[in-house]
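Report on one structure; see the data block that follows.
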Amino acid sequence: MANRQRSRKKNVIGLSRTLKNLQSAIFMLGFFCTVIGGTHTTLAQSGAPLIWMDSAMVLIGYDAEISISASGELEASTLDLLFSYEKALNIIDIRPVGVVADWEYFTYRILTPNGCGVDCETGLIHLTGIADLPGGIDPGGVFALDGQIAQLRLQTPVKVNYSNQCFHLRWIWNECTDNSLASATGDTTFLAADIETFLPGEDCLDAGGMMVFNPNLGFVDGIICVVGMEDRGDINLNGTPYEIGDAVLLSNYFIYGPEVLHDDIPPDYYDDRVLGSDVNDDGTPLTVADLVYLIRIIAERARPYSH
Ligand SMILES: [Ca+2]
Ligand SMILES: [Ca+2]
Ligand SMILES: [Ca+2]
């Protein structure tokens with residue numbers, strides 16, 4: 001019976017947490033639709049070729065899956081894409097998807113922006129794809145880009161002081177061929193529609209020779225927002241923060257290790273308990289200072305930090 005009550009309580013807490021996140025998600029999704037969706041709709045309605053990155057919202061410390069997609073009846077035999085990311089994000093995986101998964105060559109490199117030192121907070125990701133290399137296999141009809149072309153998996157920082165922050169993925173132009181596609185026949189290179197605004201001194205449209213540079217691509221940046229929990233001080237996740245049970249569980253963590261913060265059966269709310277333990281609001285969970293501050297709050301010698 002005790003187990004059943006505990007299980008039901010956990011489900012109620014889980015539902016309440018889900019609803020809180022859902023409310024935040026709906027609010028922020030509305031915001032994104034206003035900021036990003038407007039641009040996207042206008043370009044899609046005009047039928048212009050468009051390459052865009054997703055918007056995503058994830059819990060702190062979790063992975064964000066961001067797609068790079070194409071529309072507008074784009075055809076390409078090569079891809080040369082460059083965008084920035086914030087190095088607080090940890091790159092887990094970047095892979096080709098859709099028809100690009102069948103291309104003969106796809107790679108990415110991490111670069112440092114010009115004039116930015118080794119401790120630069122921003123990095124660049126340079127994606128290169130070639131549908132058909134000379135010789136080797138013949139990948140066949142893989143030139144129509146319609147839908148996803150690449151998938152990024154980026155881990156958000158586990159530090160709770162990143163809670164409710166957004167990280168931007170921005171298309172970058174350092175030279176004319178950044179963010180360009182070669183046509184299926186290879187005789188035309190498609191560039192950003194605003195290339196002359198991005199690189200005003202470069203004269204990117206004067207290719208010379210037989211090459212045609214066609215500026216007609218739209219690009220939409222991506223964004224990842226990190227949502228934190230509002231369970232500070234409620235380490236045992238029973239809905240009541242700053243109580244003796246929370247202090248007992250946190251002290252058991254120091255005695256017995258992380259195992260005490262895991263659930264015996266899925267779902268595992270370990271990450272929620274860790275986030276809830278940053279009682280002293282210094283961005284680092286699971287410290288002795290958190291336990292000391294928690295005990296002071298319980299003894300009414302200190303006040304909780306607001307969320
Ligand atoms: Ca080949
Ligand atoms: Ca509690
Ligand atoms: Ca702390």
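The values are calculated or read from the model by the stated rules, or taken from the named source; none is laboratory data. The structure presented is a predicted model; accordingly, all values stated were derived computationally and were not measured. Every residue, glycine among them, receives a Cβ derived from its backbone with ideal geometry; neighbour counts consider all protein chains shown.
Here is a yes/no grid of residues against (1) over 22 Å from S183 (Cα atoms); (2) in contact with a Pro (Cβ under 9 Å, 6 or more places away or on another chain); (3) not in a strand (DSSP E or B):
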site	(1), (2), (3)
I91	yes, no, no
F106	no, yes, no
R109	yes, no, no
D119	yes, no, yes
G140	no, no, yes
I149	no, yes, no
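Tell me yes or no: at least one residue of the stretch 232-249 is among the basic types (K, R), within 19 Å of R303 (Cα to Cα) and surrounded by 18 or more Cβ atoms within 10 Å (Cβ to Cβ). Show your work before the answer.
We begin by selecting, within the stretch 232-249, every residue among the basic types (K, R); these are 232.
With within 19 Å of R303 (Cα to Cα) added as a condition, the list becomes 232.
Add one more test, that the residue is surrounded by 18 or more Cβ atoms within 10 Å (Cβ to Cβ), and what stays is 232.
So far as the stretch 232-249 goes, yes, one or more of its residues are among the basic types (K, R), within 19 Å of R303 (Cα to Cα) and surrounded by 18 or more Cβ atoms within 10 Å (Cβ to Cβ).
D178: among the acidic types (D, E) and either in a loop (DSSP other than H, G, I, E, B) or within 16 Å of ligand 3 (Cβ to nearest atom) (or both), yes or no?
When the stated conditions are applied, D178 passes them.
Can you say whether N214 is modelled with pLDDT under 95, more than 28 Å from the chain's Cα centre (by Cα) and in a loop (DSSP other than H, G, I, E, B), as far as the supplied structure shows? Break it down stepwise before answering.
On the way: modelled with pLDDT under 95: yes; more than 28 Å from the chain's Cα centre (by Cα): yes; in a loop (DSSP other than H, G, I, E, B): no.
So N214 does not fit the description; no.
Can you tell me which condition P267 does not meet? The list is (1) within 25 Å of V227 (Cβ to Cβ); (2) more than 16 Å from ligand 3 (Cβ to nearest atom); (3) assigned to a helix (DSSP H, G or I), and all the others hold.
Answer for P267: the failing condition is (3).
Against the condition assigned to a loop (DSSP other than H, G, I, E, B), of a type outside the set (F, W, Y) and in contact (Cβ under 8 Å) with a residue 60 or more places away in the chain, how does A70 come out, does it pass? Before you say what the answer is, go through the steps one by one.
Working: assigned to a loop (DSSP other than H, G, I, E, B): no; of a type outside the set (F, W, Y): yes; in contact (Cβ under 8 Å) with a residue 60 or more places away in the chain: yes.
Taking the combined requirement at face value, the residue does not satisfy it.
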